Amino acid sequence: MTVTVVTGSASGIGAAVAKQLQQAGHRVIGIDRRDADIVADLSTAEGRDAAVAAALKACNGVLDGLVCCAGLGPTASSCGLIVAVNYFGMSELVDGLGDALARGGKPAALLIGSVASAHPGIDKLPMVELMLGRDEAAAKAQADAMANPQAAYAGSKYAITVFARRKAVEWGSRGIRLNVVAPGAVETPLLQASLSDPRYGEAIRNFVSPLGRNGSPDEIAKVVGFMQSEQAGFMHGTVVFVDGGMDALTRLERF
Ligand code: NAI
């Protein structure tokens, strides 16, 4: 039986990923701030260290899969918190569990990014380099000073995608696949919170994917399950958009 750590396992996409992996016969170690095998706060360095230590104990230091879903949307209480969970809550789990993955069987890791990471100009945000340079205090301060939750969200998702791609050479040589799935709008509590927020609700309702609907958590989880499986054994360092065509709509000639 393979063992996979899933963060954000209590809700939305993470819950759907955990359920589908379990139904396919895999053992899942869920991490979340509530209702999980390992209850931890991934917004703090201490919480992440505790999560990594507990996960290593639960898998006896040998891991076959890691799927990082835990994340916050633009309605989070601060921009710094978005950066802390979405970037550092993923990158530090990847770094902390890398050696355990290297000991696993045909190991694969996957991070949930977002179609928002492809928005024009996001790559130029100063907070992005601070995240990639692992300066958490400065990245959070920069995000809070900018006070633009959507930019903090998109910036955190762009940075985590670059983080994953920068690791492709090293992790490829260690035999660990690492990929990103970038969803468009998916019907989860995170999206619902944005829809209910007067700052974002109308814009989200007006930004409809070419398929004319939002995705479901199960639709994302099916792609994640495939990418984590041996059937996707040659997929590595890539970004897969699962977005009903939103990326094609907004970035027609860039891919
Ligand atoms: P969700 O709100 O249903 O689930 C997120 C999970 O992350 C929750 O269980 C929550 O408790 C956990 N989490 C948040 N902060 C945490 C912390 N400090 N420590 C530990 N766990 C924490 O949201 P959803 O939509 O399932 O989001 C999953 C991922 O998908 C996120 O990374 C999100 O950015 C991404 N995403 C979601 C989209 C959508 O439209 N729903 C679109 C694109 C990306």
### Query
Pick from 120, 74, 107: which is more than 21 Å from residue 45 (Cα to Cα) and in contact with an Asp or Glu (Cβ under 6 Å, 6 or more places away or on another chain)?
107
### Query
Could you list, in sequence order, the residues of segment 111-151 that are under 19 Å from the mean Cα position of the chain (by Cα), farther than 23 Å from residue 94 by Cβ and away from the ligand (no atom under 16 Å from the Cβ)?
none
### Message
Any residue that is closer than 30 Å to residue 1 by Cβ, open to solvent by 10 Å² or more (accessible area, probe 1.4 Å), more than 8 Å from the ligand (Cβ to nearest atom) and among the polar types (S, T, N, Q) - is there at least one of those in segment 73-91?
### Response
no
### Query
Can you name every residue in segment 93-110 that is within 12 Å of the ligand (Cβ to nearest atom) and within 15 Å of residue 166 (Cα to Cα)?
110
### Query
Looking at segment 191-219, which of its residues are out of contact with any helix residue (DSSP H, G or I) (no Cβ under 6 Å at 6 or more places or on another chain) and either among the polar types (S, T, N, Q) or closer than 30 Å to residue 107 by Cα (or both)?
192, 196, 206, 214, 215, 216, 219
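Here's the yes/no breakdown for (1) buried (at least 18 other Cβ atoms within 10 Å of the Cβ); (2) closer than 28 Å to residue 99 by Cα:
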position: 179; (1), (2): yes, yes
position: 209; (1), (2): yes, no
position: 226; (1), (2): no, yes
position: 250; (1), (2): no, no
### Query
Going through segment 3-59 one residue at a time, which ones are open to solvent by 50 Å² or more (accessible area, probe 1.4 Å), more than 14 Å from the ligand (Cβ to nearest atom) and not in a helix (DSSP H, G or I)?
24, 26, 27
#### Entry: Of all residues making up segment 167-198, the number that are away from the ligand (no atom under 16 Å from the Cβ), assigned to a helix (DSSP H, G or I) and not hydroxyl-bearing (Ser, Thr, Tyr)
5
### Query
Among the residues of segment 214-233 satisfying the criterion of being touching an Asp or Glu at 6+ places or on another chain (Cβ under 9 Å) and in a loop (DSSP other than H, G, I, E, B), which is farthest from the ligand (Cβ to nearest atom)?
216
### Query
Can you pull out the residues in segment 234-252 that are hydrophobic (A, V, I, L, M, F, W, C) and part of a loop (DSSP other than H, G, I, E, B)?
234, 235, 252
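The values are calculated or read from the model by the stated rules, or taken from the named source; none is laboratory data. Worth saying up front: this structure is predicted, and the values here are computed from it rather than measured. For neighbour counting, all protein chains shown are included, and Cβ atoms are generated from backbone atoms with ideal geometry for every residue, glycine included. Quick note on the areas: whole protein, heavy atoms, side chains included, nothing else; ligands and nucleic acids left out. Shrake-Rupley method; radii C 1.70, N 1.55, O 1.52, S 1.80 Å.
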